[in-house]
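Asks: Would you mind keeping the following structure in view while I ask a few things?
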Amino acid sequence: MKKIILASGSPRRRELLAQIGYTFEVVTSEKEEVYQSTEPQEIVKELALLKAKDVAEKTASDREEDCGRIIIGADTVVAHEGKILGKPKDKEDAARMLEALQGDAHDVYTGVAVICYDKEGQEEVISHAVQTKVYVDVMTEEEIQSYIATGEPMDKAGAYGIQGRFAAHIAKIDGDYYNVVGLPVSYIYKVLREKI
């Protein structure tokens, strides 16, 4: 059995990978997130690979009885009208993002990079981006401020968490729900099934 390493400190990603039955270690990347791409789906692929490669280097001496290892990197962005919405800087920034998203549709992209090493140390890189379209109901100013007051938006791309209180404002989604949470687990399961 190959050793699995999740290159992410996100508690949501940890929960999702554990939810589908995998045992893994968490090693986070401290590498600065710099990218060259301009399209959201390419940016998340680039950043996921950057994180996975950084953790691969950090764990290079890990041999785990020479059975090999798999490193999973992921990065998620919210894109609205061609603009990427990261994590809000403050409450005003969160309000600006939520005002833009309410009553409209936006896309959530998660880039996944899986780096597989066999027992000889041969490397294989699998890189992919998953897209989900999210439709948000019209929200009043009071609803936006009430949601911000929960503190939930502050550490999340696009200033919301679909799995939390914001669920009340999601009209529908087209695509993978778990992708919006931060990890497209069905895609990862298919990759790991082939590689373990």
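We did not get these values from a lab; they are worked out from the coordinates using the rules stated. Bear in mind that the values here come from a model prediction, so they are computed numbers and not experimental data. Cβ coordinates were reconstructed from backbone atoms using ideal geometry, including for glycine residues, and neighbour counts include every protein chain displayed.
Asks: Looking only at Cα atoms, what is the convex hull volume of the chain per residue, in Å³?
Replies: Per residue, the Cα convex hull of the chain comes to 109 Å³.
Asks: So which of 31/133; 3/53; 3/87; 2/156; 3/172 end up more than 27 Å apart by C-alpha?
Replies: Those over the limit are 31/133; 3/87; 2/156; 3/172.
Asks: If packing is taken as the mean number of other Cβ atoms within 10 Å per residue, what is the order of 82-94, 149-161, 105-117, highest first?
Replies: Result, highest mean first: 105-117, 149-161, 82-94.
Asks: Moving on to the next point. Hey, what angle do you get for helix 91-101 against the long axis of the chain, alpha-carbon based, 0 to 90 degrees rounded to 10?
Replies: 90 degrees
Asks: Add -39500 (n - 2.57) for each DSSP H run of 4 or more in the chain, then divide by its residues: what number comes out at 222 nm, to the nearest 500 deg cm²/dmol?
Replies: Estimated from H runs of four or more residues: -10000 deg cm²/dmol.
Asks: When DSSP assigns beta bridges and you keep just the ones with both residues in the chain, what percent turn out antiparallel, to the nearest 5?
Replies: 85 percent
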